[in-house]
Amino acid sequence: MFMDRNYQNLLKPFFLLLMLAVCAMATSKAQDALSTTRDTTITNKYKFTKKDYIPKFTATILGRYEYNTNLNAHHFELRHTRIGVSGSVHPMFSYMALVDLTYGGKFSPVAIFAQFKPVKGLSFLIGYDKMPFSSENLLSPYQYYFSDKSFLTQKITAWSDVGGVVAYKWDKVVPFEIKAGVFNSRGFSKQMQFQTVLNYVARGRFEFFKDFNLTLNYAAVRPEELRMHNFGAGMAYDIAGLHLETEYIYKWYAQKTFHPTHAFYGFAYYQFNVGKSWLQHVDLAARYDAITPNCNGKLDDHQQYVMEPFRQRITAGLTLMFVEKPVRAGIRLNYEKNFFRRGVENGEDRIILELITHY
């Protein structure tokens with residue numbers, strides 16, 4: 001406990017300085033712009049019409065059938081039923097409310113926040129949202145490349161809470177986006193409680209040349225009594241119809257409670273354009289992902305931490321996309337083959353057929 005407080009005391013000034021640096025960077029750019037022209041935010045204010053107040057609605061339904069080849073068992077599942085609304089009430093103020101009605105068989109908030117954008121590129125967010133860490137983690141379900149997310153995302157980066165995020169985006173020379181955030185650690189239902197322990201996150205995304213980007217991530221999270229430090233790096237590259245992506249996370253447990261966890265995924269996704277009125281493209285995908293023994297930092301009913309075993313997986317996928325924009329509709333077929341170390345029973349191999357609909 002003493003060491004964890006020391007870590008937190010070190011993290012507080014670091015994240016404060018990072019947030020101030022992002023703000024200072026954006027303010028400097030804004031002042032440069034003001035020296036030669038009028039503030040675009042003020043200009044836009046006079047162009048803000050009644051049409052701009054109209055909210056935008058979204059809906060995503062992913063229904064699937066799964067067949068477990070190890071157990072010779074199957075089931076149907078509503079994987080996601082997301083509905084949401086977003087919009088602006090002022091050139092500098094916007095909002096979003098997104099909920100999932102059936103995730104894991106229960107209602108779940110996804111993103112509910114207000115956002116302030118004082119100048120171009122700079123934004124402040126307060127509300128409930130995902131902690132900005134990992135590229136795959138930040139995708140919406142209709143944007144997934146595979147039916148199931150990688151172990152890296154499922155087992156490590158699934159963090160959401162109420163907090164604040166400052167972000168700055170720059171689109172000149174070497175485009176980049178930097179985010180830094182501080183979040184509660186007790187969950188959505190306990191946001192009214194004063195908390196002495198917080199979660200910290202920072203993320204940078206850099207586009208060094210066209211269609212190639214590098215991401216660097218850091219997060220210090222403490223779900224209960226165990227502080228975990230997560231360091232991540234990822235790369236993505238698009239060339240013609242091919243998308244290549246990889247990401248790696250190193251997780252270190254405070255006080256060396258457990259051996260560090262390593263997680264990795266890499267995949268290739270190729271899009272064959274068909275261009276028919278009834279079928280836009282056919283996609284082929286292949287992925288390898290793995291994770292070493294991992295603890296999620298939560299105590300079980302016996303007040304013990306549980307370590308999940310080492311596992312790796314190969315996934316092959318075929319997707320038929322009937323329409324891409326302005327709505328999205330398709331059919332996805334995936335096969336997942338899992339590998340465990342000797343002595344661990346494999347009950348996870350499955351075939352997944354999924355219908356994708358998004359508005």
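Throughout, read-outs are computed from the coordinates displayed, never taken from laboratory work. All values derive from a computational prediction rather than experimental measurement. Quick reminder, even Gly has a Cβ in these numbers, built from the backbone with ideal geometry, and neighbours come from all protein chains shown.
Things worth noting here:
- The simple Förster model, with R0 at 51 Å and r as the Cβ-Cβ distance, assigns LYS276 and ARG341 a FRET efficiency of 0.65.
- In segment 74-228, taking the dipole from charged Cβ atoms about the Cα centre, the farthest positive-side position among THR157, GLY87, TRP170 is held by TRP170.
- TYR305 paired with LYS325, simple spin-label distance in nm, labels 7 Å along Cα-to-beta-carbon: 4.6
- Residue-wise HN-Hα coupling along segment 51-64, computed from phi with Karplus coefficients 6.51, -1.76, 1.60 (Hz; x: Gly, Pro): 4, 5, 7, 5, x, 10, 9, 9, 8, 9, 10, 10, x, 9
- Inter-centroid distance (Cα atoms) of segment 186-218 relative to segment 48-118, Å: 20
- Inter-probe distance in nm under a simple model that places probes 7 Å from Cα toward Cβ, at ALA268 and PHE48: 4.9
- With a cut-off of 9 Å between beta carbons, the residues surrounding LEU299 carry a summed charge of -3, where Lys and Arg count +1 and Asp and Glu -1.
- Chain lengthening between MET192 and THR69 when straightened (0.36 nm per residue, less Cα-Cα): 39.8 nm
- GNM flexibility winner over the chain from SER108, SER94, SER277 (Cα, springs under 10 Å): SER277
- Label point of ILE351 set 7 angstrom out along Cα-Cβ; within segment 49-86, amide nitrogens under 18 Å from it belong to 64-77.
- Cα-Cα pairs of segment 57-110 separated by more than 12 Å (percent): 70
- Take the Cβ atoms of LYS172 and HIS259, set R0 to 51 Å, and the FRET efficiency comes out at 0.70.
- GNM flexibility winner over the chain from TYR53, TYR128, TYR145 (Cα, springs under 10 Å): TYR53
- The charge dipole of the chain, taken about its Cα centre with unit charges on the Cβ of Lys, Arg, Asp and Glu (plus for the first two, minus for the last two), comes to roughly 880 debye.
- Protection-proxy order for peptides 121-127, 150-156, each taking the mean of Cβ atoms within 10 Å per residue, highest first: 150-156, 121-127
- Dimensions of segment 41-136 from C-alpha coordinates, computed as largest minus smallest value along each principal axis and given longest first, are 64, 29, 18 Å.
- Cβ-defined net charge surrounding THR261, 11 Å radius [Lys, Arg +1; Asp, Glu -1]: +1
- Estimated inter-spin distance, LYS106 and GLN312, nm [label 7 Å along Cα→Cβ]: 3.5
- Summed over qualifying helices (DSSP H, 4 residues or more, each -39500 (n - 2.57)) and divided by its residue number, the chain shows a 222 nm mean residue ellipticity of -4000 deg cm²/dmol.
- Cubic angstrom per residue, convex hull over Cα atoms of segment 171-290: 182
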